[in-house]
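Enquirer: Supplied in structure tokens, the structure appears directly below.
The values are calculated or read from the model by the stated rules, or taken from the named source; none is laboratory data. The structure presented is a predicted model; accordingly, all values stated were derived computationally and were not measured. We place every Cβ from the backbone using ideal geometry, glycine too, and count neighbours over all the protein chains shown. Heavy atoms of the whole protein, side chains included, go into the accessibility calculation; ligands, DNA and RNA do not. Shrake-Rupley method; radii C 1.70, N 1.55, O 1.52, S 1.80 Å.
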Amino acid sequence: MTIYRATYLHTPANPFEADQALNIQEDGGLLVQNGRIVQSGPYADLRAAHPAEPVEDLRGGLLLPGFVDTHVHFPQVRIIGGLGVPLLDWLDRYALPEEAKFGDDAYAAAVAREFVAGLTRSGTTTALVFGSHFASAVDVLFQEASRVGLRTVAGQVVSDRMLRPELHTTPERAYQEGRALIEKWHGTGRNLYAVTPRFSLSASEGILESCAALMNEFPDVRFTSHINENLKEIETVRELFPESRDYLDTYERAGLILRRSVLAHNVHPSERELGAMAAHGCTAAHCPCSNAALGSGLFPLKRHLKAGVPVSLGSDVGGGTGFSLLKEGLQAYFMQQLLGADGEPLSPAHLLYLCTRAGAQALGLEGEIGDFSVGKAFDAVLFRPPVGSTLHTVLQHAHTPERALASLFASGTQSDVESVWIAGEGIYSRSPAPEAAPLI
Ligand SMILES: O=c1[nH]c(=O)c2nc[nH]c2[nH]1
Ligand SMILES: [Zn+2]
């Protein structure tokens, strides 16, 4: 067993529903055995109860539950930063040409290393991942995730129209390849499978039916796709599905909207769609940096909350601008500020919840991860800014841990992550800063 001694913060309750949802231990202890938290509370109490156990001293930083990114694209790491165009042009110009390269397993393997490293060194310990259109590249992704130990929920992306021929499949092939991947990876180690049609614009009814066949055959696999991101996209989907009431209905009619479904974006929902998502318990993955970068719009968080739709956060790399969920939290906060009276004011507790427990709930993993309650896996990220950095100065002068958390969201980056654990296993540790080179 090990006692982790730290200032830790977590949200065992939902701050959108309960006051005092943020739990803070200023000099806290977490006793971890076989990767699980077995006792928590003030460090002094834990030490008194376990005088002989080794202690990892993590003071001087903030220890948070590992982040859960509920929308991120594996094959888009190398194209982060395609700014200045709306969604459909961005897909044509940046995303799809890059994704076409993933028929080459060696290329996919190189990017898989970059992708998994990008997530883990940002403090993300669980991710719902849009895989590749190529089944073998998805296999490569799961192999890399397993090597590192990242909790990965991922699937083959399927489409049969309007992208480019090499990215298209057929309903029969989508079913066969999906089935083989599920049998190999779903429930293997820390991996789970998510059935993943790209979006209704590129998916015929036949493809959506093949997705539903997989969901019915494997009742525990997750489902993810995109919805209501961009006005031109929504109009095209309306023309392609004249029988459907709205965008959500294209998935709903196929039986794909369930408690285990996560839909990215939902920037422009109707009231009917929000009501139906709430009724099914389906989550909206809010991707604020991507929405801002692609000019998709301002996410109506207040309407989601009022309707009772669960909301989580996604980085949406590469429409998004990087892997750090701190930045997504900050951008979510900005967006709600900019919405004025229509915005939902977000506190540091809301931001932490969105980065952690909300994602765990979206994926049906709230019994396992998402906060530091006793019994959960020790998935954690230690933010300890380098001495001399501005954030280090700010944290030293923060009056309370809650103020420090707000400052971390305001200006924390990947380089402030010192260590990351998944199920008690150290999977990332920042190497010490290199000696400064002499100027002359
Ligand atoms: O942000 C997005 N990124 C994508 O790759 C994509 N594909 C369909 N719709 C999408 N939206
Ligand atoms: Zn996306």
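Enquirer: Which GluC sites (Glu not before Pro) in the range 1-105 sit in a loop by DSSP (not H, G, I, E or B) and have at most 10 other Cβ atoms within 10 Å of their own Cβ? Spell out each step's value before the answer.
Expert: On the way: sites: Glu17, Glu26, Glu56, Glu98, Glu99; in loops: Glu17.
Within the range 1-105, the qualifying GluC sites (Glu not before Pro) (loop, at most 10 other Cβ atoms within 10 Å) are Glu17.
Enquirer: Dipole of the chain (Lys/Arg Cβ +1, Asp/Glu Cβ -1, origin at the Cα centre): which of Gln76, Pro15, Tyr428 lies farthest to the positive side?
Expert: After comparing all options, I get Tyr428.
Enquirer: For the range 159-229 and the range 324-361, what is the centre-to-centre distance using only Cα atoms, to the nearest Å?
Expert: 30
Enquirer: Keeping the other protein chains in place, figure out the carbon and sulfur percent of the accessible area of the range 1-106, with a 1.4 Å probe.
Expert: Numbers: 1990 of 4480 Å².
About 44 percent, which is the carbon plus sulfur part of the accessible surface.
Enquirer: Once both axes come from the Cα atoms, what is the angle between helix 325-338 and the longest principal axis of the chain, in degrees from 0 to 90, rounded to 10?
Expert: Helix 325-338 sits at roughly 70 degrees to that axis.
Enquirer: On a straight-distance basis, which aspartates and glutamates could pair with Lys327 in a cross-link, Cα separation under 16 angstrom, same-chain partners fewer than 8 positions away excluded?
Expert: Filter leaves Asp69, Asp316, Asp416.
Enquirer: For the chain, take the longest principal axis of its alpha carbons; what is the angle in degrees between that and the long axis of helix 231-240, to the nearest 10 within 0 to 90?
Expert: 40
Enquirer: Okay, next question. Show me the trypsin sites (Lys or Arg not before Pro) within the range 48-115 that DSSP assigns to loop and that have at most 16 other Cβ atoms within 10 Å of their Cβ.
Expert: Numbers: sites: Arg59, Arg78, Arg93, Lys101, Arg113; in loops: Arg59.
In loop regions of the range 48-115 (DSSP not H, G, I, E or B), the sparsely surrounded trypsin sites (Lys or Arg not before Pro) are Arg59.
Enquirer: Of Leu382, Gln143, Leu119, which is farthest along the charge dipole of the chain in the positive direction, counting Lys and Arg as +1 and Asp and Glu as -1 at C-beta?
Expert: Going by the charge dipole, the pick is Leu382.
Enquirer: Would you kindly state how much longer the chain becomes between Leu305 and Arg161 on full extension, computed as 0.36 nm times their sequence separation minus their alpha carbon distance, in nm to one decimal? Intermediate results must be reported in sequence, preceding the final value.
Expert: Working: separation 144, 0.36 × 144 = 51.84 nm, distance 3.43 nm.
Residue separation times 0.36 nm, minus the Cα-Cα distance, leaves 48.4 nm.
Enquirer: Let me ask something else about it. If R0 is 60 Å, what FRET efficiency do you get for Ser389 and Glu172 from their C-beta distance, rounded to 0.05? Could you put the intermediate results ahead of the total?
Expert: Values: r = 55 Å, r/R0 = 0.91.
Between Ser389 and Glu172 the formula returns 0.65.
Enquirer: When Lys and Arg each count +1 and Asp and Glu each count -1, what net charge do the other residues less than 14 Å away from Ser146, Cβ to Cβ, add up to?
Expert: Working: positive: Arg113, Arg147, Arg151, Lys184, Arg190; negative: Asp139, Glu144, Glu425.
Local net charge: +2.
Enquirer: Pairing the Cα long axis of helix 401-411 with the longest principal axis of the chain, what angle in degrees results, from 0 to 90 and rounded to the nearest 10?
Expert: Tilt relative to the chain: about 50 degrees.
Enquirer: State the extension gain, in nm to one decimal, for the chain segment bounded by Asp105 and Glu243, taking 0.36 nm per residue of separation less the distance between their alpha-carbons.
Expert: This chain segment gains 45.7 nm when fully extended.
Enquirer: Checking the cross-link filter: which aspartates and glutamates have an alpha carbon closer than 19 Å to that of Lys306, excluding same-chain neighbours under 8 positions apart?
Expert: Straight-distance partners of Lys306: Glu17, Asp19, Glu271, Glu273, Asp342, Glu344.
Enquirer: Order of 224-236, 114-126 by packing, highest average Cβ count within 10 Å first? List each step's numbers first, then the result.
Expert: On the way: 224-236: 21.2, 114-126: 23.9.
Averaged packing, sorted descending, gives the order 114-126, 224-236.
Enquirer: On the first, second and third principal axes, largest extent first, how far apart are the outermost C-alpha atoms of the chain in Å?
Expert: 65, 54, 50
Enquirer: State the antiparallel share, in %, of DSSP beta bridges confined to the chain, rounding to the nearest 5.
Expert: The antiparallel proportion sits near 45 percent.
Enquirer: Now for a different question. Rounded to a whole number, what % of the accessible area of the range 132-270 do carbon and sulfur atoms account for, probe 1.4 Å?
Expert: Values: 2620 of 5070 Å².
Answer for the range 132-270 is 52 percent, counting heavy atoms of protein chains only.
Enquirer: Another one. Taking the mean number of other Cβ atoms within 10 Å as a proxy for protection, how do you rank 202-215, 406-419, 333-346 from highest to lowest?
Expert: Sorting 202-215, 406-419, 333-346 by mean packing, highest first, produces 202-215, 406-419, 333-346.
Enquirer: Right, here's the next one. So, in nm, how far is label Ala398 from label Lys232 when the simple model puts each one 7 Å beyond its Cα toward the Cβ?
Expert: Between Ala398 and Lys232, the simple spin-label model gives 4.2 nm.
Enquirer: Suppose all protein chains stay in the model; what accessible area per residue would a 1.4 Å probe give for the chain, in Å²? Display every interim value, and only then the final one.
Expert: Numbers: 16710 Å² over 440 residues.
Normalised by residue count, the accessible surface of the chain is 38 Å².
Enquirer: Determine the dipole magnitude for the chain: charges of +1 sit on the beta-carbon of Lys and Arg, -1 on that of Asp and Glu, nothing else is charged, the reference point is the Cα centre, and the result goes in debye to the nearest 20.
Expert: On the way: 35 positive and 50 negative charges, 89 e Å.
Using only the charged Cβ atoms, the result is roughly 420 debye.
Enquirer: While we're here: If I stretch the segment between Glu271 and Arg147 completely, what's the gain in nm (0.36 nm per residue apart, minus their alpha carbon distance), one decimal?
Expert: Computed gain between Glu271 and Arg147 is 40.3 nm.
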